[in-house]
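Enquirer: The structure is given below, and queries will be raised subsequently.
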Amino acid sequence: VVSLAVVSGNHCLIAHAGDCKVVASTPHGSFVELTRDHRCSDPEEAQRVEELGGVVVNGRVEGQLMPSRAFGDVDLRTRATGVLLDCISPEPEICYHHFDESGEGFMILASDGLFDVLKVKGVIDKVRSCLKETRDPELAAKCLVDIASKRSKDDISVVILHHQFSA
């Protein structure tokens, strides 16, 4: 699973595949989820998988793989017959985000290991608080990893893009 953000000025292009999540802060303490999880619990993704010949069992592709879009996982993508499943696509969805120029903003790219155990609003509030105190996005990311690792055994990866516009 992967999320990639390319930032130029106040414009951001995001390519996303899998169950990582990208969220951005908005003015006045709110947030916007820029990506959607590619899991079979999403009816649109489950339909896509089934239309391409895959089977969804208990919300998982072939009853095994949670993300319905992923790189790698060839062993899980290959049926006992040796046929590679085309239904688990590495093709990303592309989205665009425009940072508000009214001051400061940030974007969080993180694995499901973070967002499966912490709510997006709590993550946004924690990052906002940490950035206000330290101005260091790396410390904010480490703080989130520390909190989530006490609740999850999954992999936890966090990147924070902090953007400040000059007045």
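The values are calculated or read from the model by the stated rules, or taken from the named source; none is laboratory data. Remember, predicted model here, so these are calculated numbers, not experimental data. Every residue, glycine as well, gets a Cβ built from its backbone with ideal geometry; the counts of neighbours run over all protein chains shown. For accessibility, only protein heavy atoms count, side chains too; no ligands or nucleic acids. Shrake-Rupley method; radii C 1.70, N 1.55, O 1.52, S 1.80 Å.
Enquirer: Of all residues in the range 67-90, count the ones that are under 30 Å from residue 12 (Cβ atoms), in contact with a Lys or Arg (Cβ under 7 Å, 6 or more places away or on another chain) and either at pLDDT below 85 or among the polar types (S, T, N, Q) (or both).
Expert: Counting residues in the range 67-90 that are under 30 Å from residue 12 (Cβ atoms), in contact with a Lys or Arg (Cβ under 7 Å, 6 or more places away or on another chain) and either at pLDDT below 85 or among the polar types (S, T, N, Q) (or both) gives 4.
Let's see how each residue does on (1) open to solvent by 20 Å² or more (accessible area, probe 1.4 Å); (2) β-branched (Val, Ile, Thr); (3) farther than 15 Å from residue 70 by Cβ:
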residue: 3; (1), (2), (3): yes, no, no
residue: 8; (1), (2), (3): yes, no, yes
residue: 13; (1), (2), (3): yes, no, yes
residue: 17; (1), (2), (3): no, no, no
residue: 22; (1), (2), (3): no, yes, yes
residue: 26; (1), (2), (3): yes, yes, yes
residue: 38; (1), (2), (3): no, no, no
residue: 42; (1), (2), (3): yes, no, no
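Enquirer: Consider the range 44-56. How many of its residues are more than 25 Å from residue 157 (Cα to Cα), acidic (Asp, Glu) and open to solvent by less than 30 Å² (accessible area, probe 1.4 Å)? If you could, list the steps in order and put the result at the bottom.
Expert: Let us first name the residues in the range 44-56 that are more than 25 Å from residue 157 (Cα to Cα), namely 44, 46-56.
From the residues that got through so far, the ones that are acidic (Asp, Glu) too are 44, 50-51.
From what's left, open to solvent by less than 30 Å² (accessible area, probe 1.4 Å): none.
Within the range 44-56, residues that are more than 25 Å from residue 157 (Cα to Cα), acidic (Asp, Glu) and open to solvent by less than 30 Å² (accessible area, probe 1.4 Å) number 0.
Enquirer: Right, another one. Among the numbered conditions (1) in contact with a helix residue (DSSP H, G or I) (Cβ under 9 Å, 6 or more places away or on another chain); (2) open to solvent by 80 Å² or more (accessible area, probe 1.4 Å); (3) at pLDDT 80 or above; (4) not acidic (Asp, Glu), tell me where residue 129 comes up short.
Expert: Only one criterion is unmet by residue 129, namely (2).
Enquirer: Working only within the range 112-123, note down all residues that are in contact (Cβ under 8 Å) with a residue 12 or more places away in the chain and either in contact with a helix residue (DSSP H, G or I) (Cβ under 8 Å, 6 or more places away or on another chain) or assigned to a loop (DSSP other than H, G, I, E, B) (or both). Can you show your working first?
Expert: The first filter runs over the range 112-123 and keeps only residues in contact (Cβ under 8 Å) with a residue 12 or more places away in the chain, leaving 112-118, 120-121, 123.
Correct list: 113, 114, 115, 116, 117, 118, 123.
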